[in-house]
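The values are calculated or read from the model by the stated rules, or taken from the named source; none is laboratory data. Remember, predicted model here, so these are calculated numbers, not experimental data. FYI the Cβ positions are ideal-geometry reconstructions off the backbone, even for glycines, and counts take in every protein chain you see. Note: accessible area is taken over every heavy atom of the protein model, side chains too, but ligands, DNA and RNA are not part of it. Shrake-Rupley method; radii C 1.70, N 1.55, O 1.52, S 1.80 Å.
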Amino acid sequence: MIVVAGEALIDLVPGGSAPANGALPALLPQRGGGPYNTAVALGRLGSPTAFCSRVSTDAFGEALLTELRAAGVDVAPVQRGPEPTTLAVASIGADGSAGYGFYVEGTADRLFELPAALPEGTRALSLGTCSLVLEPGASAYEALLRREAARGVCTALDPNIRAGLIPDAAAYRARFRSWLPHVTLLKLSVEDAEWLADGTDLDAALADWLAAGPAAAV
């Protein structure tokens, strides 16, 4: 069993052709969140997978769970709450890259609490993205990482940096460094690595991160 822990949210993405006369573009809701997408992908590939998060009881939350179930993902570890679902409003650049504005205040996923245990047979745990930034849930996810690593579970970390959500960059970089002794596999985009390295040579930064604990970095 692979457990993926982290946020499930709704991306609002521009749809259709560009509107005329300065009108606002239509926004189409899409299920998203890095951990959520990872769980869905693993489920579709036939891997025994469970999703561990806190999901709203609103219509968006129900839609998120419906897709997980359709992919064969175990949603028993999902906590529920009446707070709204996190929204991420996407803007697409000329080069096709996406930027995001987040609506996260008082949302369900950031109120995640440390579960007493993960499903029987859990051999790997994957975490990352906004879930390790937004308190108080971030501390609960961090505690989950440390606890499961101590039990010998293979752990994967994907920081998937969203700088607009990080109020204190230096504090986050220090916190990231503190996670590494508990991480088996570190997954980074080039953009993630450059932001975390903060001007340090990337090869030197990667060597430093690997020396801190991970068996591999991708």
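Just a few scattered comments:
- Label-point gap, in nm, between M1 and A211 - each point 7 angstrom along Cα→Cβ: 3.9 nm
- Rounded FRET efficiency, nearest 0.05, which uses the C-beta distance separating L28 from D95 and R0 of 25 Å: 0.75
- On the chain, 57 percent of the accessible area sits on carbon and sulfur atoms, based on a 1.4 Å probe.
- 3J(HN,Hα) along the stretch 26-39: 5, 10, 9, x, 10, 5, x, x, x, x, 4, 4, 5, 4 Hz, from the Karplus curve 6.51 cos²θ - 1.76 cosθ + 1.60 with θ = phi - 60°, whole Hz, x for Gly and Pro.
- With the Kirkwood sum run over all distinct C-alpha pairs, the stretch 99-152 has a hydrodynamic radius of 12.3 Å.
- Accessible area in the full protein assembly, largest first, 1.4 Å probe, for W195, W209: W195, W209
- Set the Cα radius of gyration of the stretch 158-209 against 2.2 N^0.38 Å, with N its number of residues, and you get 1.06.
- Heavy atoms of the protein chains alone define the surface here; on that basis the stretch 64-218 has 48 Å² accessible area per residue at 1.4 Å probe size.
- FRET efficiency, S47 to N21 (Cβ-Cβ, R0 41 Å, nearest 0.05): 0.25
- For the chain, the spherically averaged projection of the C-alpha convex hull amounts to 13.0 nm².
- In order along the stretch 116-131, phi translates into HN-Hα couplings of 4, 7, 8, x, 4, x, 5, 10, 9, 10, 10, 9, x, 6, 4, 4 Hz, rounded to whole numbers, per the Karplus curve 6.51 cos²θ - 1.76 cosθ + 1.60 with θ = phi - 60° and x for Gly and Pro.
- Per-q log10 I(q)/I(0), the stretch 28-90, q = 0.12, 0.15, 0.24 Å⁻¹ (Debye; single scatterer per alpha-carbon; no solvent): -0.27, -0.42, -1.03
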